[in-house]
Amino acid sequence: VTKSLDSQDLLEAHVEGVVVNSYHLASEPGLATLGRFNGVKGFMNFPGLVVSDSGGWQVFSLIYRNNIPGDITDAGVVFTVGSAQKKQMFTPEDSIRVQFGINSDIVVCLDDFTPPNASQEKIRESVERTILWASRCKAAFLRLVAEKGYSEQTRPLLMAVIHGGWRRELRKFCAEELVKIGFDAFGFGGYLIDDSTGKLDLELLKFIADLIPHDKIKFALGVGSPADIVQCFHMGWQIFDCTLPTRDARHKRLYVFTGSPIRINDVHYADFYKYVYINRNVFKNDEIPVDPTCDCALCKNYSKAYLHHLFKINDTLAFRLATIHNLRFYTRLIECLRQ
Ligand SMILES: [Zn+2]
């Protein structure tokens, strides 16, 4: 669920794809229910691209963030669940099996998580485990493709995640080993923030993009701000997913292009958009839409004053309309970049 939106809202905002959480979907509604609908696309009636994550992030979060006893070994992730402290194992094969149950278009290999402050030794260990797990994921993937009778045209795509932290030679080693195993798409994992600036390390992202063969899909996992997306797009990254536009919308922060019509290539890096903080009193009587050049359900029909009012009275409609607008801003940005 994209909070407060349904699949029709997503389509009308020209959203081409969504990322779903494998771990959460496997527990609720569960794979048996999804199976009745031939997977999550039928269940949520969304005809676009669906990418499932490996489920690893949720399992690692249990261990790293919630301090639940657990252990990460080459075999898989062991963690305890429930009041009975029952031990459970999550393996690369489990991850692929769950994602085939979800029936997504892009299936992601389970990768080992590298903590931001990891030592060089720990980064190397995580890279080696990521490669080992990726090869097991590939084998499990091929078994399931054969079992389900998919052809080369109807099978899902398989994506691997390049690790190596801030060590470029380890990123290179990881990418080369993963390319040897063979995948349709590549993303990156781990910490990619430049500590000196607190911003995304764009040079490292360019380095990683250049490690991926030209004919493979480049998925910029978790990117990003509109400015970062412009930079990454020019490096060759093609698919983006991010919580920023929807979360910012719920926090009353709307994105607006400064130029009209939009001409991204003409405008300077950081200047092509601005924020409208719709809760400000200056908008109380503003009769103009958030962005008069936008064709979304908010801008086509309502003034800034009306959205300001909806937030003020805490009506959930404010979330829906603001979220639709921010998503449409992102999809317009991508349309413009592709042109
Ligand atoms: Zn709009």
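The values are calculated or read from the model by the stated rules, or taken from the named source; none is laboratory data. Model, not experiment: these values are computed from the prediction. Neighbour counts are summed over all protein chains in view; Cβ atoms, including those assigned to glycine, are modelled from backbone coordinates with ideal geometry. The accessibility values were calculated without ligands, DNA or RNA, using every heavy atom of the protein model including side chains. Shrake-Rupley method; radii C 1.70, N 1.55, O 1.52, S 1.80 Å.
If a residue counts only when it is of a type in the set (S, T, N, Q) and exposed (fewer than 14 other Cβ atoms within 10 Å of the Cβ), which helices (runs of 4 or more DSSP H) contained entirely in the stretch 1-48 have at least 1 such residues? Don't jump to the end; show me each part of the working.
Values: elements: 7-12, 22-25, 31-36, 40-44.
Fully inside the stretch 1-48 and qualifying: 7-12, 31-36.
Condition test on A32, is it closer than 24 Å to V145 by Cβ and in contact with a helix residue (DSSP H, G or I) (Cβ under 6 Å, 6 or more places away or on another chain)? So A32 fails the test. The C-beta contact set for the stretch 41-57 (first residue of a type in the set (D, E), second residue in a strand (DSSP E or B), distance under 8 angstrom, 6+ apart or interchain) comprises D53/V19; D53/V20; D53/V108.
For T243, the requirement of being more than 14 Å from the ligand (Cβ to nearest atom), among the hydroxyl-bearing types (S, T, Y) and closer than 21 Å to L200 by Cβ is met. In the set (1) over 20 Å from the mean Cα position of the chain (by Cα); (2) within 9 Å of the ligand (Cβ to nearest atom); (3) in a helix (DSSP H, G or I), the condition left unmet by Y306 is number (2). Against the numbered list (1) more than 28 Å from L244 (Cα to Cα); (2) among the hydrophobic types (A, V, I, L, M, F, W, C); (3) in a helix (DSSP H, G or I), I68 comes up short only at (3).
Of all residue pairs spaced 6 or more apart or on separate chains, those with beta-carbon atoms under 6 Å, a first member in the stretch 232-260 that is closer than 19 Å to Q339 by Cβ and a second member that is open to solvent by 40 Å² or more (accessible area, probe 1.4 Å) and of a type in the set (K, R) are M235/K206; T258/K274. Among residues of the stretch 279-297 that are without any contact (Cβ under 8 Å) to a residue 60 or more places away in the chain, those with a Cβ under 6 angstrom from a residue that is assigned to a loop (DSSP other than H, G, I, E, B) and more than 8 Å from the ligand (Cβ to nearest atom), sequence gap 6+ or separate chain, pair up as N279/K252; E287/S303; T293/S260.
With respect to (1) away from the ligand (no atom under 12 Å from the Cβ); (2) open to solvent by less than 20 Å² (accessible area, probe 1.4 Å), the lone exception for I313 is condition (2).
When each of D295, D286 is tested for being within 12 Å of the ligand (Cβ to nearest atom), open to solvent by 20 Å² or more (accessible area, probe 1.4 Å), in contact with a Lys or Arg (Cβ under 8 Å, 6 or more places away or on another chain) and in a loop (DSSP other than H, G, I, E, B), the lone residue that passes is D295. For beta carbons closer than 9 Å, sequence separation of 6+ or different chains, a first residue in the stretch 202-215 that is closer than 17 Å to I229 by Cα and of a type in the set (V, I, T) and a second that is open to solvent by less than 40 Å² (accessible area, probe 1.4 Å) and not in a helix (DSSP H, G or I), the qualifying pairs are I208/I162; I208/G164; I208/F186; I208/F188; I208/L192; I208/K218.
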